[in-house]
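A.B. asks: Let me begin by handing over the structure; questions about it come next.
The values are calculated or read from the model by the stated rules, or taken from the named source; none is laboratory data. What you see is a predicted model; the values in this text were computed from it and never measured. Neighbour counts run over all protein chains shown; Cβ positions are idealised from the backbone, glycine included. All accessible areas refer to the heavy atoms of the entire protein, side chains included, with ligands and DNA or RNA removed. Shrake-Rupley method; radii C 1.70, N 1.55, O 1.52, S 1.80 Å.
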Amino acid sequence: MKIAFVGKGGSGKTTLSSLFIRHLAAARIPVVAVDADINQHLGVALGMDEAEAAALPAMGAHLPLIKDYLRGSNPRIPSTETMIKTTPPGEGSQLLRVCEDNPVYDACARPLPLDEGAVRLMATGPFTEADLGVACYHSKVGAVELCLNHLVDGRGEYVVVDMTAGSDSFASGMFTRFDMTFLVAEPTRKGVAVYRQYKEYAQDFGVPLKVVGNKVQGPDDLAFLRAEAGEDLLVCVGHSDWVRTMEKGRPAPFALLEEANRRALEVLHGTADASYEHRDWERYTRQMVHFHLKNAESWGNAKTGADLAAQVDPAFVLCEGAATPQPA
């Protein structure tokens, strides 16, 4: 299951995504956690110190390796130079799976033990001085999008992505890559403004979206979110002394998280799991191709000097039964 956490900067989406990741790990569910935010905080939220988090390998820095592996023996992609962030898989492409070892995970993922279970953690990498004035952050996130395009995941295994803040996700087609998107909203006008914008953009693509209220302190806050989000409001999370202690660098065992907040995480888990029943791999593949063709026409063809529409394999549908070539 592919799950995204989105929201306004400062809404608490990284905190909520880290709690959800811990919840899954505590249930011994396989998890690949991805920090795709321009501000790289997921590792710290999961208990790493600043130095450990800063030392995580940057997916953007390993883009040539990622492309070379995913290209596999796909005859429609003659070189990695012609691959862009939206390049879809086809016959001969190497596919990624949650529970496997592969060169992409070897280079870009690090095992992170938690007090209950463990996860694989990946990060896009921070903006560096070399990027200032010459690079767009979406070029960093492109490595995540390319991996999601080639990812085959099933029920009972999770990829949880902490997305960049606000509506920046709509600068690419990555917002359509998820089985469920949880939008974290504070009970403020700014908090729900991102929800309205996200819902407006996402509705034409059938993106499943649920609102998670955060920093809710009483009945008035709850009534405000209900009035603004209606049936999209799934659950609310209140103040957490456990989180505050964690943020001070004095983590307590996850089992001591407040009961009300544990129940909220169970609601998120149940909702995410139920979304499996609505999976439509043909639509997923069709949307992937749609955004690839848009990117090819707007900038990809000119950048690579190739007709990137030729990369589309019309007979290929990404699905759990999709084959991946075996090494010789």
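A.B. asks: What pairs can you find where one residue is in region 250-271 and without any contact (Cβ under 8 Å) to a residue 60 or more places away in the chain and open to solvent by less than 40 Å² (accessible area, probe 1.4 Å), the other is among the hydrophobic types (A, V, I, L, M, F, W, C) and outside any helix (DSSP H, G or I), and their Cβ atoms are less than 6 Å apart, with a gap of 6+ or different chains?
C.D. replies: Cβ pairs passing all conditions: A264/V235; A264/V237.
A.B. asks: Among the residues of region 1-52, what is the count of those that are of a type in the set (A, V, I, L, M), buried (at least 21 other Cβ atoms within 10 Å of the Cβ) and in a helix (DSSP H, G or I)?
C.D. replies: Of the residues in region 1-52, 7 are of a type in the set (A, V, I, L, M), buried (at least 21 other Cβ atoms within 10 Å of the Cβ) and in a helix (DSSP H, G or I).
A.B. asks: Can you pull out every residue in region 186-229 that is in a loop (DSSP other than H, G, I, E, B), among the hydrophobic types (A, V, I, L, M, F, W, C) and more than 23 Å from Y276 (Cβ to Cβ)?
C.D. replies: V216
For every residue, the table says whether it meets (1) within 19 Å of E258 (Cβ to Cβ); (2) touching a residue at least 40 places away in the same chain (Cβ under 8 Å).
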{"site": "S11", "(1), (2)": "no, yes"}
{"site": "A25", "(1), (2)": "yes, yes"}
{"site": "I29", "(1), (2)": "no, yes"}
{"site": "V34", "(1), (2)": "no, yes"}
{"site": "D37", "(1), (2)": "no, yes"}
{"site": "L42", "(1), (2)": "no, yes"}
{"site": "E52", "(1), (2)": "no, no"}
{"site": "Y69", "(1), (2)": "no, no"}
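A.B. asks: Here is a further query. Go through (1) open to solvent by less than 80 Å² (accessible area, probe 1.4 Å); (2) under 24 Å from E81 (Cα atoms); (3) under 26 Å from the mean Cα position of the chain (by Cα); (4) free of Cβ contacts under 8 Å to residues at least 60 places away in the same chain one by one and return the number of the condition N301 breaks.
C.D. replies: Checking N301 against (1) open to solvent by less than 80 Å² (accessible area, probe 1.4 Å); (2) under 24 Å from E81 (Cα atoms); (3) under 26 Å from the mean Cα position of the chain (by Cα); (4) free of Cβ contacts under 8 Å to residues at least 60 places away in the same chain, the one that fails is (3).
A.B. asks: When you scan region 230-249, how many residues do you find that are crowded, with 16+ Cβ neighbours inside 10 Å and in a loop (DSSP other than H, G, I, E, B)?
C.D. replies: Here the count works out to 2.
A.B. asks: Tally up the residues in region 74-123 that are of a type in the set (K, R) and not in a strand (DSSP E or B), please.
C.D. replies: 2
A.B. asks: I would also like to ask the following. Return the pairs, sorted by first residue and then second, in which the second residue is acidic (D, E) and open to solvent by less than 80 Å² (accessible area, probe 1.4 Å), the first residue lies in region 181-208 and is in contact (Cβ under 8 Å) with a residue 40 or more places away in the chain, the beta carbons are less than 7 Å apart, and the residues are 6+ apart or on different chains.
C.D. replies: Listed pairs, sorted by first residue: P208/D179.
A.B. asks: While we're on this one: Taking region 1-21 as the search range and keeping residues that are out of contact with any strand residue (DSSP E or B) (no Cβ under 7 Å at 6 or more places or on another chain) and small (G, A, S), which one is nearest to L42 (Cα to Cα)?
C.D. replies: S18
A.B. asks: For E81, which of the numbered conditions (1) touching a Ser or Thr at 6+ places or on another chain (Cβ under 6 Å); (2) surrounded by fewer than 22 Cβ atoms within 10 Å (Cβ to Cβ) fails to hold?
C.D. replies: The failed condition is (1).
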